[in-house]
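To keep things clear, I will list the structure first and then write my remarks on it.
The values are calculated or read from the model by the stated rules, or taken from the named source; none is laboratory data. In this text, all values refer to a predicted model and were calculated from it rather than measured experimentally. Neighbour counts run over all protein chains shown; Cβ positions are idealised from the backbone, glycine included.
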Amino acid sequence: MPLDQILQVLESGVADGSAAPKPPKREKRKETDPATGQTYEITEQWNANTGRYEEVSRAETKTGPMVQIMPGEGELDKVNAAQFATNYSKLIDDPERTYAGLRSDNERIEQLQVALDQGLRTGATAETLLTLGRMVQSVLPQTEATKKIFAELSDRLGTAEWFKASSERFIGGMLAMTKGAVSDREMKIFMGMIPALSTTKDGNQRLLRMMKEMNDLALSEHYAAQDLNEYLIDQDISMSQLGSAKARQMLTEFKEQREDQARARFEQESKPATKEEARAQLLALTPSMTRERQEEILRDSGYE
């Protein structure tokens, strides 16, 4: 098959003529040294070869100690305040990039939602096109004339492959970061809804939104630290003025709010819209339930 015909086939099956969005080329984040209170603004560059952001520069920003130990505090209070300062710093700056994968997933989920609207296919046809596309890239030379075409094609194939890999990762239960944040019930509902929703564009959009809410549950403490930081900025006060006890209480409250909001959005997205979806949830939550009992519950719930 000639190159132009192969590319036309790929073009018609992967997108509607425009490349899927790329990850942001650069992002900035702040990181604080808990020992000195010095905060650095770090710039990172996306490396497509490694699939991760890599630091390219850092600059000091003016800041003070995360938590100031007040005169007269007992030794235990000082230890607790110092420990809170360290934990808060790690939560908001994420120096070990504990939350980086989840944040990156959420960015790609948003990009995939756009790609699905543009015509990205996720069924058997897409699998065939992915195989063909990889063959095209590996066999044909990348000349100056085809360099741009190959770049755009690579972006689209990368998006489709990410969708496939991410779905398989969720299906396979490889959610180490969400363990403890996402309940067994929520995980079973998501797993059970995949067969019912993955065959349509709207269904896949719902699955993507459910994936994001599960990620947000795991990110709730990280987001809560950002909420507390915004509160301090809005009130024009320092952490030492707020006090570690009050800060710890507010951090817990912000975390609970984030969890409640993400869980409510997840429940909304997972609410059955059809009898088939309701049956899928029943089977996921109670796999040993008899067919007769299923029908009885569905009838009582208004599904005919």
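Against the criterion of being out of contact with any Gly (no Cβ under 8 Å at 6 or more places or on another chain), modelled with pLDDT under 65 and surrounded by 15 or more Cβ atoms within 10 Å (Cβ to Cβ), residue 112 does not qualify. Would you please name the residue that is modelled with the highest pLDDT, looking only at residues in the stretch 115-134 that are surrounded by fewer than 15 Cβ atoms within 10 Å (Cβ to Cβ) and of a type in the set (Gly, Ala, Ser)? Per the criteria, the residue is 123.
Can residue 282 be described as under 19 Å from residue 90 (Cβ atoms), in contact with a Leu (Cβ under 8 Å, 6 or more places away or on another chain) and either free of Cβ contacts under 8 Å to residues at least 40 places away in the same chain or not charged (D, E, K, R) (or both)? No: the conditions fail for residue 282.
One residue stands out in the stretch 226-275 among those that are in contact with a helix residue (DSSP H, G or I) (Cβ under 7 Å, 6 or more places away or on another chain) and acidic (Asp, Glu): the one that is farthest from residue 94 (Cα to Cα), namely 269.
Of all the listed residues (247, 280), the sole one being over 30 Å from residue 116 (Cα atoms), part of a helix (DSSP H, G or I) and more than 19 Å from the chain's Cα centre (by Cα) is 247. Name the residue, out of 246, 201, 255, that is loosely packed, with under 15 Cβ neighbours inside 10 Å and touching a Ser or Thr at 6+ places or on another chain (Cβ under 9 Å). Exactly one of 246, 201, 255 is loosely packed, with under 15 Cβ neighbours inside 10 Å and touching a Ser or Thr at 6+ places or on another chain (Cβ under 9 Å), namely 201.
Considering the stretch 82-109, and only residues there that are among the acidic types (Asp, Glu) and not in a loop (DSSP other than H, G, I, E, B), the residue that is surrounded by the fewest Cβ atoms within 10 Å (Cβ to Cβ) turns out to be 107. Taken together, the residues in the stretch 222-239 that are crowded, with 21+ Cβ neighbours inside 10 Å and acidic (Asp, Glu) amount to 0. Note on the stretch 163-190: residues that are modelled with pLDDT of 75 or more and exposed (fewer than 15 other Cβ atoms within 10 Å of the Cβ) total 3.
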